[in-house]
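This report refers to the structure that appears directly beneath it.
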Amino acid sequence: AYQAQDADRQHREAAEAALRDYTELAADQWLNEFQPNLINGITGVWVAIKGGALIDDASALTPDQIDSLLPDSTLCRCLTGEEVLAKVYFETPGQKLISSRVLIEDDYEQFWHYLNTGDFARLSGRWSGAWFLVADGDNASVFSVLAEMDEANQPIRGVAYQLEPEAVARMADFLYESRPLLFGNSPKALPNATLFDVVLSTPKGRQIHSTVDDTPSRFATDRTLSPVAGSFVMSVSLKPAAPDLLIPGGMPRPRLPFLLLLLGVTGAALVAALVVLRRESELMKLRSDFVSSVSHELRTPLAQIRMFTETLLLGRVRSDVERRRALEIIDQEARRLASLVENVLTFGRGAERRMRVTPQPTSFAEEVQRIADSFAELRQAQSADVRLELQEDIVVPVDRDALRQIMVNLVDNALKYGPAGQRVTIGTALFDDAARVWVDDEGPGVPEPERERVFESFQRLSRDLEKSVTGSGIGLSVVRELVRMHGGRTWIEEAPGGGARVVAEFPGAYVRGAESARDWAVA
């Protein structure tokens with residue numbers, strides 16, 4: 001692939017260099033054709049009228065006489081009398097000017113400026129001629145001038161034709177259609193219209209002639225005419241189809257993209273196969289771990305329920321206190337079993353996109369209080385001190401069953417991963433238009449790099465695996481999915497006591513009695 005690319009690069013560079021040379025050659029040919037023809041257009045028309053009565057006796061000239069004395073016939077091969085705007089006689093001493101038609105003000109002022117500062121081509125003897133552009137703008141004019149020069153080669157008096165710039169463009173178009181810019185009149189010559197575009201502009205960039213009708217080519221070059229010929233700017237560029245006509249076999253087509261495509265397809269197929277195999281292996285491991293974890297979690301409460309049930313059935317309890325204690329343990333383990341089954345079912349419905357929530361306006365603090373009360377037996381078993389820090393009067397649209405499942409998972413995690421006798425804090429508060437509920441524990445916390453990963457399915461911290469802490473790895477995943485379905489978000493941060501704080505946020509909350517959240521603010 002590298003060798004193919006290197007050869008293709010060298011071939012393309014050589015082809016592009018040839019095209020640039022062709023463009024430069026065409027531009028030089030265009031300059032050599034157009035500039036002499038333009039200057040000849042200046043001089044040719046004056047040959048027949050140079051000197052004579054017009055110059056010998058100019059004191060009595062009138063505009064009508066100037067109009068009749070200067071011919072309306074063809075000025076050169078492509079400039080006709082129909083394009084003449086005015087015919088002018090001038091004398092530079094005193095700036096005397098007689099015109100067959102009125103010159104516009106800008107033309108009048110700049111006419112004298114160009115006469116006094118412009119370049120003139122020596123014709124013969126004391127006579128000189130020039131083209132120059134006057135008032136290079138929307139109302140530009142071109143003057144073809146014949147002037148009698150003094151010893152310092154400055155114009156004394158003379159005559160001029162005033163033309164529109166398009167008259168010069170007509171000459172450019174005539175040459176474009178009749179003179180091939182490459183290979184002259186040889187059999188290899190092709191019409192300019194198949195190879196090149198040309199643009200003729202005034203010195204200030206006003207375009208007066210263009211053959212460009214496609215996207216401009218990157219093979220282009222400019223040439224500027226001499227001041228005697230008006231300092232017009234010519235641009236020559238290759239047409240988009242020209243490279244295929246000038247380069248044998250056309251421009252080289254790069255093969256590297258095709259080679260890279262084949263390599264890319266092969267590599268992508270290999271990577272896809274490896275990803276699928278790795279994903280399959282990971283899924284098999286996750287499934288095995290999940291089945292093992294769930295089996296272990298199911299076995300523990302079932303064993304407890306069975307043991308204490310047999311104790312009661314065989315009458316091995318020695319007092320009413322022991323009997324009540326056995327019944328409390330059976331109830332506690334049954335609740336754990338129900339919670340685990342509910343998590344598994346919720347996770348399965350979420351994976352199949354069948355889970356739904358029905359949010360309804362709910363008194364947030366009252367509902368959290370009710371859910372917390374149901375954990376009495378669980379916290380007694382763990383010797384945990386559960387504290388509530390609830391902001392009253394918060395109303396939030398939430399599915400109560402979903403909220404209960406969220407709280408069960410958060411509190412169960414706090415009790416499971418925290419030390420015995422710890423303080424667990426459940427809090428609620430309103431932030432802008434969102435209600436937050438959080439659960440703090442006094443356990444080891446969750447390292448910051450791991451705080452997002454533990455919300456993924458089947459993901460548990462390695463330290464918990466080493467300590468053989470039971471768990472299925474789907475509790476926090478279920479929490480995040482249920483909160484997401486409410487349009488909220490979840491995250492983990494450090495608790496004030498050094499443990500972990502898990503936060504669930506629900507949008508659309510407001511203070512009871514307020515029309516909207518904008519009616520109040522919480523610091």
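When you check residue 61 against the structure, is it at pLDDT below 80, touching a strand residue (DSSP E or B) at 6+ places or on another chain (Cβ under 6 Å) and either open to solvent by 60 Å² or more (accessible area, probe 1.4 Å) or over 30 Å from residue 238 (Cα atoms) (or both), yes or no?
yes
Across segment 125-160, what is the number of residues that are open to solvent by less than 50 Å² (accessible area, probe 1.4 Å) and among the polar types (S, T, N, Q)?
3
How many of the residues making up segment 235-255 are part of a helix (DSSP H, G or I) and open to solvent by 30 Å² or more (accessible area, probe 1.4 Å)?
Of the residues in that region, 2 qualify.
Checking residue 107 against (1) open to solvent by 10 Å² or more (accessible area, probe 1.4 Å); (2) touching a residue at least 24 places away in the same chain (Cβ under 8 Å); (3) charged (D, E, K, R): exactly one of these is not met. Which one?
(1)
Restricting attention to segment 225-234, does a residue exist that is aromatic (Phe, Trp, Tyr) and surrounded by fewer than 17 Cβ atoms within 10 Å (Cβ to Cβ)?
For segment 225-234, residues aromatic (Phe, Trp, Tyr) and surrounded by fewer than 17 Cβ atoms within 10 Å (Cβ to Cβ): absent.
Just for segment 317-333: of the residues that are out of contact with any Pro (no Cβ under 6 Å at 6 or more places or on another chain) and under 15 Å from residue 302 (Cβ atoms), which one is modelled with the highest pLDDT?
Ranking the candidates gives 330 first.
Out of the residues in segment 70-104 that are modelled with pLDDT under 70 and aliphatic (A, V, I, L, M), which is most open to solvent (accessible area, probe 1.4 Å)?
Step by step, filter segment 70-104, then rank; the result is 104.
If I filter segment 121-131 for residues that are in a strand (DSSP E or B), of a type in the set (Ser, Thr, Tyr), touching a strand residue (DSSP E or B) at 6+ places or on another chain (Cβ under 7 Å) and in contact (Cβ under 8 Å) with a residue 60 or more places away in the chain, do I get at least one hit?
The answer is no; no qualifying residue exists.
Collect the residues in segment 301-316 that are assigned to a helix (DSSP H, G or I) and either out of contact with any Lys or Arg (no Cβ under 8 Å at 6 or more places or on another chain) or modelled with pLDDT of 80 or more (or both), keeping them in residue-number order.
Listed by number, the residues that qualify are 302, 303, 304, 305, 306, 307, 308, 309, 310, 311, 312, 313.
Got a number for residues in segment 472-503 being crowded, with 16+ Cβ neighbours inside 10 Å, in a helix (DSSP H, G or I) and within 36 Å of the chain's Cα centre (by Cα)?
5
List pairs: first residue in segment 245-269 and under 28 Å from residue 16 (Cα atoms), second residue of a type in the set (Phe, Trp, Tyr) and open to solvent by less than 90 Å² (accessible area, probe 1.4 Å) anywhere in the structure, Cβ distance under 6 angstrom, at least six positions apart or on different chains.
246/22
So residue 420 fits all but one of (1) farther than 25 Å from residue 484 by Cβ; (2) within 49 Å of the chain's Cα centre (by Cα); what number is the exception?
Just one mismatch for residue 420, condition (2).
The values are calculated or read from the model by the stated rules, or taken from the named source; none is laboratory data. On a predicted model such as this, the values are computed, not experimentally measured, just so you know. Backbone-built Cβ (ideal geometry, glycine too); neighbour counts: all protein chains shown. The area values use the complete protein model at the heavy-atom level, side chains included, leaving out ligands, DNA and RNA. Shrake-Rupley method; radii C 1.70, N 1.55, O 1.52, S 1.80 Å.
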